[in-house]
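J.: One structure, as structure tokens, below. Some questions next.
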Protein chains: 2
Amino acid sequence: MRRSELISIIRKKKSFLCIGLDTDLSRIPQHLLKADDPAFEFNKQIIDATHDLAIAYKPNLAFYECNGVKGWQSLTRTIQYLKSFEVFTIADAKRGDIGNTSTQYAKAFFNPDQSGLDFDAMTVAPYMGEDSVKPFLEFSGKWVVLLALTSNKGAEDFQFFSSGGKKLFEQVLIQSKNWGSEENMMFVVGATKAEMLTAVRKIVPDHFLLVPGVGAQGGSLQEVAKYGLTKDCGLLVNSSRNIIYASTETDFAEKARKEAEKLQKEMEALLSSVNF
Amino acid sequence: MRRSELISIIRKKKSFLCIGLDTDLSRIPQHLLKADDPAFEFNKQIIDATHDLAIAYKPNLAFYECNGVKGWQSLTRTIQYLKSFEVFTIADAKRGDIGNTSTQYAKAFFNPDQSGLDFDAMTVAPYMGEDSVKPFLEFSGKWVVLLALTSNKGAEDFQFFSSGGKKLFEQVLIQSKNWGSEENMMFVVGATKAEMLTAVRKIVPDHFLLVPGVGAQGGSLQEVAKYGLTKDCGLLVNSSRNIIYASTETDFAEKARKEAEKLQKEMEALLSSVNF
């Protein structure tokens, strides 16, 4: 998907909400376990109930891989189902390896003829440097969402390691932004570190940022918007557990919609406040 | 697998060779493509031909994921087949995410009842810090192989980022070695950076190191052994393409054995030189 198309979806839906599909068979409503493919059935109902409010969906690969071949089938069905809606899709996979291996990972998520998966974007870890990231950027219309500053406590272990006044996550932003462009790269910046968004925006003023950590992890949407919004919106704010597990009863999809709607309304007001 | 068992396998086979199963359907002998599961058939013949020479096998996840559900089936069959041999198994997956997600990744590779996969170890990326790594260490008898210094050119982009005289990869070693112990953690150190092994061994004198980059990537086994061998061996040296693609004809398994045997003989001499 092109950046202009993403922006036009944001404009149309008045939302920059990404819904994380961290679909855990031990947390979904128990009546779904009777379905042929419970994880897909859950995702389908969540998507049906929220696709006019969300501009992106982000399946978290771990929650599919833990179910082996069956999990990979659920993931494949989910991404194929998402293709019928006007949404941006992100494989939250945190991959990254030497060049020839990263090329294979890119095919896994970006080449449906070979793998069955056709995501618009995937998350990539920066530790192995340029030649581990560039293979993903060779796929036209596809995006790398590179980890910069993550939302977890462990982010402080190495991402703040600092040299010559620069922290590692800043160095990652500075070096990597030239590997691609605003048209094919985004960065992960955790909502729990919203105060760092000013520093981030100094380095990447126009790139889209994928912001996890609102909701269950404690980040604030208002803070994220205050420091992160740009003239093109420039944000995809993710919420996973707060939406998809809003209820564990048969009304789960309806309750998920209510949670998504709350965020969408808040986002609509925030977008309007910057005249987007 | 316990460390003592790993060491006893090394002693028995007089080898510290790990064979990387980077099984690429476009590179395996074409006659195998007629098989029901060509990737598994290839792996099976490679394993049959080399299991007395290798002490470990390392399927590279990217090469399975790129074939979607079918690839995941090939991987599952491969790890199940490997269980019949006295070998250490490593999922080269480079995973790592916030705690609750890393727990799911750990189940994917360490919990066969749920996922069908029962690896002894998996590679993990350190960027997200302690809480992204610790969930993998909660599985008894299982190992984390944490990226420290990788074999690719891009390793120089961030792994040498330095603060107070310490490079990032050294900081990763210093902090992370206390998250587990020599009984459940190893580190990746690329053979192409063998001269750095002295610095690595100062920080982790007793941990096993997984060393990729010998062969196709240009690293030297002699150099690696010189700086990396310990009284318990302490090394798993990986070779992938040089062994598994030694021939692309019907004699591929035989030729793979010859390449593996060359390395094993060299390793036997090196182990003997340190009185292992």
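FYI, it's all coordinate maths here, none of it is from the lab. Source: prediction; values computed, not measured. As a convention, Cβ positions derive from the backbone with ideal geometry for all residues, glycine included, and neighbour counts pool all protein chains shown.
J.: Segment B:204-276: which GluC sites (Glu not before Pro) are DSSP loop and have at most 12 other beta-carbon atoms within 10 angstrom? It would help to have the intermediate numbers written out before the result.
T.: Numbers: sites: B:GLU223, B:GLU249, B:GLU254, B:GLU259, B:GLU261, B:GLU266, B:GLU268; in loops: B:GLU249.
Answer by residue number: B:GLU249.
J.: Additional query: Among A:VAL211, A:VAL145, A:VAL69, which one shows the highest mean-square fluctuation when chain A is modelled as a Gaussian network with alpha-carbon springs under 10 Å?
T.: So, out of A:VAL211, A:VAL145, A:VAL69, the one fluctuating most is A:VAL69.
J.: OK, next. Note the distances from A:LYS231 to each other copy's matching label point, with points 7 Å along the Cα-to-beta-carbon direction, in nm, sorted shortest first.
T.: Spelled out, the distances from A:LYS231's label point are 6.8 nm.
J.: In addition: How far is A:VAL69 from the same spot in each other copy, in nm, shortest first, if each label point sits 7 Å from Cα toward Cβ?
T.: 1.0
J.: Would you kindly state the longest site-free stretch of chain B, with sites defined as trypsin sites (Lys or Arg not before Pro) in a DSSP loop (not H, G, I, E, B) surrounded by at most 16 other Cβ atoms within 10 Å? All intermediate terms of the calculation are to be shown ahead of the outcome.
T.: Values: sites that count: B:ARG2, B:ARG27, B:LYS83, B:LYS153, B:LYS231.
Counting only loop sites that pass the neighbour cut-off, the longest clear stretch is B:154-230.
J.: Between beta-carbons, use under 13 Å as the cut-off and find the net charge around B:SER8, counting Lys and Arg +1, Asp and Glu -1.
T.: Within the 13 Å Cβ shell, the charges total +3.
J.: Principal axis extents for segment A:3-273, Cα atoms only, whole Å, descending order, please.
T.: Taking max minus min along each principal axis of the Cα atoms, segment A:3-273 gives 57, 45, 35 Å.
J.: Please enumerate, by chain and number, the aspartates and glutamates with C-alpha under 18 Å from the C-alpha of A:LYS193, excluding those fewer than 8 residues away in the same chain.
T.: A:GLU156, A:ASP157, A:GLU170, A:GLU223, B:ASP97, B:GLU130, B:ASP131
J.: Same structure again: State to the nearest 20 debye the size of the charge dipole of segment A:3-273 about its Cα centre, where the only charges are +1 on K and R beta carbons and -1 on D and E beta carbons.
T.: Details: 32 positive and 34 negative charges, 92 e Å.
Once rounded to the nearest 20, the dipole reads 440 debye.
J.: Taking the Cα centre of segment A:139-246 as origin and charging only Cβ (+1 Lys, Arg; -1 Asp, Glu), how large is the dipole, in debye to the nearest 20?
T.: 80
J.: Out of residues 5 or more away from B:LEU210 or on other chains, whose amide H comes under 5 Å of its own, with H placed 1.01 Å from N in the peptide plane?
T.: When sequence neighbours closer than 5 places are left aside, the close amide H contacts are B:PHE187, B:VAL188, B:VAL189, B:LEU236.
J.: If you restrict to DSSP beta bridges whose two residues both lie in the protein assembly as shown, what percentage is antiparallel, to the nearest 5? Could the numbers behind the result be given before it?
T.: Working: 6 of 64 bridges.
Antiparallel bridges make up about 10 percent of those DSSP assigns within the protein assembly as shown.
J.: Going through segment A:36-93, which GluC sites (Glu not before Pro) have at most 15 other Cβ atoms within 10 Å and a DSSP loop state?
T.: Details: sites: A:GLU41, A:GLU65, A:GLU86; in loops: A:GLU86.
Listed in order of number, the matching sites are A:GLU86.
J.: For the pairs B:LYS94/B:LYS177; B:LYS202/B:LYS231; A:LYS94/B:LYS107, flag any whose C-alpha to C-alpha distance is greater than 25 Å.
T.: none
J.: While we're looking at this one, here's another question. Work out the charge dipole of segment A:3-273 with +1 on the Cβ of Lys and Arg and -1 on the Cβ of Asp and Glu about the Cα centre, then indicate which of A:SER163, A:LEU137, A:GLY215 is farthest towards its positive end.
T.: The Cα lying farthest towards the positive end belongs to A:SER163.
J.: Okay, moving on. Under 18 Å between alpha carbons, and skipping anything fewer than 8 positions from A:LYS255 in its own chain: which aspartates and glutamates qualify?
T.: Those aspartates and glutamates meeting the cut-off are A:ASP22, A:ASP24, A:GLU41, A:ASP48, A:ASP52, A:GLU266.
J.: Taking the Cα centre of the protein assembly as shown as origin, work out the dipole magnitude from +1 charges on Lys and Arg Cβ and -1 charges on Asp and Glu Cβ, in debye rounded to 20.
T.: On the way: 66 positive and 68 negative charges, 150 e Å.
Charge dipole, the protein assembly as shown, about its Cα centre: 720 debye, nearest 20.
J.: Karplus couplings for segment A:34-47 from phi (6.51 cos²θ - 1.76 cosθ + 1.60, θ = phi - 60°), rounded to Hz, Gly and Pro as x?
T.: For segment A:34-47, the Karplus curve yields 7, 5, 4, 9, x, 5, 5, 4, 4, 4, 4, 5, 5, 5 Hz.
J.: A further question on this structure: Count, for each residue of A:102-115, the Cβ atoms from other chains sitting within 10 Å of its Cβ, then give me the mean as a whole number. Before the final figure, lay out the partial values.
T.: Values: counts 4, 2, 11, 7, 2, 6, 9, 2, 1, 2, 1, 0, 6, 7.
Partner Cβ neighbours, averaged per residue: 4.
J.: Moving on. Find out how many positive minus negative residues lie around B:ASP131, taking Lys and Arg as positive, Asp and Glu as negative, among other residues whose Cβ is under 13 Å from that of B:ASP131.
T.: So the environment of B:ASP131 carries a net charge of -3.
J.: Among DSSP beta bridges lying fully in segment A:3-273, give the percent that are antiparallel, nearest 5.
T.: Numbers: 3 of 32 bridges.
Of all bridge pairs located within segment A:3-273, approximately 10 percent are antiparallel.
J.: Along Cα→Cβ at 7 Å, what distances in nm separate the A:ASP48 label point from those on the other copies, shortest first?
T.: Spacings between copies for this position, smallest first, are 4.9 nm.
J.: At most 16 other Cβ atoms within 10 Å and a DSSP loop assignment: could you name the GluC sites (Glu not before Pro) in segment A:113-161 that fit?
T.: Numbers: sites: A:GLU130, A:GLU138, A:GLU156; in loops: A:GLU138.
Sparse-neighbourhood loop GluC sites (Glu not before Pro): A:GLU138.
J.: In addition: Per the helix-only calculation at 222 nm, which mean residue ellipticity applies to the protein assembly as shown, given -39500 (n - 2.57) for every DSSP H run of n ≥ 4 and division by its residues, nearest 500 deg cm²/dmol?
T.: -12500 deg cm²/dmol
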